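Visitor: Before anything else, here's the structure in question.
The values are calculated or read from the model by the stated rules, or taken from the named source; none is laboratory data. Everything numeric here is computed off the predicted structure, so don't read it as measured data. Using ideal geometry, Cβ is built from the backbone for each residue, glycine included, and neighbour counts are taken over all protein chains shown.
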């Protein structure tokens, strides 16, 4: 007898879970208690804000501080924390607190949520993620208090420190600096070394991924003992930041950095290199950025950070596999090797498929918005890439998007956080490969 019970697989559970969290956040942000004007927030605006927070993006229609009350800000912060860690990780935390048994299905969903490579030890990894996150965010908030408490007063300074520490670690990009300058992000602290360094370190730690954390905890500073995944993430992250910092110093010399001394330029260039890893904060006027600088920023937003992290983007490992595959093909080699290891053939197909679908969605999203809005191609694609990369940087067009464009950006943010491949696979029935295969035939490529 056929079983008609409906069962959700791990990908469907992940997509549905994020959607549920977003809808709950939408309802809470609509309430008058969440808004300073005491009125209900329009549904689409609340949905956009909730999606941006849960998907740790940072694109905003309203300035967070001037629009939302303390209650609304707390809701946004909780959405950021849940979205950054993954709702399954939070669910495991409550299960552990209630001493409930975590079954095989829950472990499978958790493995998908935090991109673990093995189901064994996934609960222990989740515990480390929760404890590590708490420690890192508390340290970050404590350091920011040094600057924010004198600036905003003790009570507000502590709240601002907690909010920005969580937002930075989760690569969300939401800020409360509307208290100084609405929509200004961290621009008032462009030359503040403490704020810049703390925020950048939080962004990087959150962006390297939970698997990398675990590897570093287990093997300390013995680089040779790390997994191949960890070696790639750490080395490419360092090289990308170094290359980007030097490039921004050159590109923005007579543009966004024109009125800064060398020390301020170096700090601003370093921040510009780190924040497109999907963090969404900015310390300079993006509108004053050179065309080359904007292009580099979009490239960094597309690349993103590490898999299984609080960040988005195509992901570093995916880009590395594609580049190595191209190099190997040009050199006429079948094997793709890095750090003395050979990559599996299946990972190459997955990387090209993931990046291809990601770029296709960004392209379609850009055309959709261009067809109904009057923004330039540069402004639109910057916004679209920022949305699907869950970055949050903008050329200032977000508050002026029509309802249709907002819906388009919402879809891109959701796909970018859950994963474009995951969203597609979640709604496609997975079937076994048929034993009978069609005959093969060659086609011309290139």
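Visitor: I'd like the full set of residues that are in contact with a helix residue (DSSP H, G or I) (Cβ under 6 Å, 6 or more places away or on another chain) and either surrounded by fewer than 21 Cβ atoms within 10 Å (Cβ to Cβ) or over 24 Å from residue 190 (Cα atoms) (or both), limited to segment 285-297. Spell out the reasoning first.
Guide: Quick first cut of segment 285-297, residues in contact with a helix residue (DSSP H, G or I) (Cβ under 6 Å, 6 or more places away or on another chain) only: 290, 292-293, 296-297.
Residues satisfying the conditions are 290, 292.
Visitor: If I ask for residues that are in contact (Cβ under 8 Å) with a residue 24 or more places away in the chain, more than 17 Å from the chain's Cα centre (by Cα) and outside any helix (DSSP H, G or I), which ones from segment 42-73 would you list?
Guide: 61, 62, 63, 68, 69
Visitor: So, of the residues in segment 156-195 that are assigned to a helix (DSSP H, G or I), out of contact with any helix residue (DSSP H, G or I) (no Cβ under 7 Å at 6 or more places or on another chain) and in contact (Cβ under 8 Å) with a residue 40 or more places away in the chain, which turns out to be nearest to residue 264 (Cα to Cα)?
Guide: Step one: filter segment 156-195 for residues assigned to a helix (DSSP H, G or I), giving 156-169, 177-179, 187-189, 193-195.
Now restrict to residues that are out of contact with any helix residue (DSSP H, G or I) (no Cβ under 7 Å at 6 or more places or on another chain): 156, 159, 187.
Retained after the next criterion (residues that are in contact (Cβ under 8 Å) with a residue 40 or more places away in the chain): 159, 187.
Working: 159: 27, 187: 12 Å.
Filtering first and then ranking leaves 187.
Visitor: Right, something else. Would you mind stating whether residue 187 is over 18 Å from the mean Cα position of the chain (by Cα) and under 23 Å from residue 386 (Cβ atoms)? Give the derivation first.
Guide: Details: over 18 Å from the mean Cα position of the chain (by Cα): yes; under 23 Å from residue 386 (Cβ atoms): yes.
When the stated conditions are applied, residue 187 passes them.
Every residue, every condition in (1) touching a strand residue (DSSP E or B) at 6+ places or on another chain (Cβ under 7 Å); (2) closer than 13 Å to residue 273 by Cβ; (3) touching a residue at least 60 places away in the same chain (Cβ under 8 Å); (4) surrounded by 21 or more Cβ atoms within 10 Å (Cβ to Cβ), yes or no:
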position	(1), (2), (3), (4)
197	no, no, no, no
201	no, no, yes, no
206	no, no, yes, yes
213	no, no, yes, yes
217	no, no, yes, no
227	no, no, no, no
230	no, no, no, yes
235	no, no, no, no
238	no, yes, no, no
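Visitor: Is it the case, given these coordinates, that residue 148 is assigned to a helix (DSSP H, G or I), over 23 Å from residue 50 (Cα atoms) and at pLDDT 95 or above? Spell out how you get there, then give the answer.
Guide: Working: assigned to a helix (DSSP H, G or I): yes; over 23 Å from residue 50 (Cα atoms): yes; at pLDDT 95 or above: yes.
Yes: the conditions hold for residue 148.
Visitor: Could you tell me which numbered condition residue 333 fails, if it satisfies all but one of (1) surrounded by fewer than 18 Cβ atoms within 10 Å (Cβ to Cβ); (2) in contact with a helix residue (DSSP H, G or I) (Cβ under 6 Å, 6 or more places away or on another chain); (3) modelled with pLDDT under 95?
Guide: Going through the list (1) surrounded by fewer than 18 Cβ atoms within 10 Å (Cβ to Cβ); (2) in contact with a helix residue (DSSP H, G or I) (Cβ under 6 Å, 6 or more places away or on another chain); (3) modelled with pLDDT under 95, residue 333 breaks only (2).
Visitor: Same structure again: Residues of segment 312-330 being within 28 Å of residue 170 (Cα to Cα) and in contact with a helix residue (DSSP H, G or I) (Cβ under 7 Å, 6 or more places away or on another chain), which ones?
Guide: Result: 312, 313, 314, 316, 317, 318, 319, 320, 321, 322.
Visitor: So which of 245, 275 ends up being crowded, with 21+ Cβ neighbours inside 10 Å and within 23 Å of residue 194 (Cα to Cα)?
Guide: Numbers: 245 fails: crowded, with 21+ Cβ neighbours inside 10 Å.
Step by step, each of 245, 275 is checked, and only 275 is crowded, with 21+ Cβ neighbours inside 10 Å and within 23 Å of residue 194 (Cα to Cα).
Visitor: Just one of 178, 207 is over 30 Å from residue 123 (Cβ atoms) and at pLDDT below 95; which is it? Walk me through how you get there before you give the answer.
Guide: Values: 207 fails: over 30 Å from residue 123 (Cβ atoms).
One residue alone meets the criteria, 178.
For every residue, the table says whether it meets (1) within 18 Å of the chain's Cα centre (by Cα); (2) surrounded by fewer than 19 Cβ atoms within 10 Å (Cβ to Cβ); (3) at positive phi.
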{"position": "126", "(1), (2), (3)": "no, no, no"}
{"position": "129", "(1), (2), (3)": "yes, no, no"}
{"position": "135", "(1), (2), (3)": "no, yes, no"}
{"position": "144", "(1), (2), (3)": "no, no, no"}
{"position": "153", "(1), (2), (3)": "no, yes, yes"}
{"position": "156", "(1), (2), (3)": "no, yes, no"}
{"position": "160", "(1), (2), (3)": "no, no, no"}
{"position": "164", "(1), (2), (3)": "yes, no, no"}
{"position": "167", "(1), (2), (3)": "yes, no, no"}
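Visitor: Got a sec? Which of 324, 370 is modelled with pLDDT of 90 or more and touching a strand residue (DSSP E or B) at 6+ places or on another chain (Cβ under 7 Å)? Lay out the reasoning, then the answer.
Guide: Values: 370 fails: touching a strand residue (DSSP E or B) at 6+ places or on another chain (Cβ under 7 Å).
None of the other options fit; the residue is 324.
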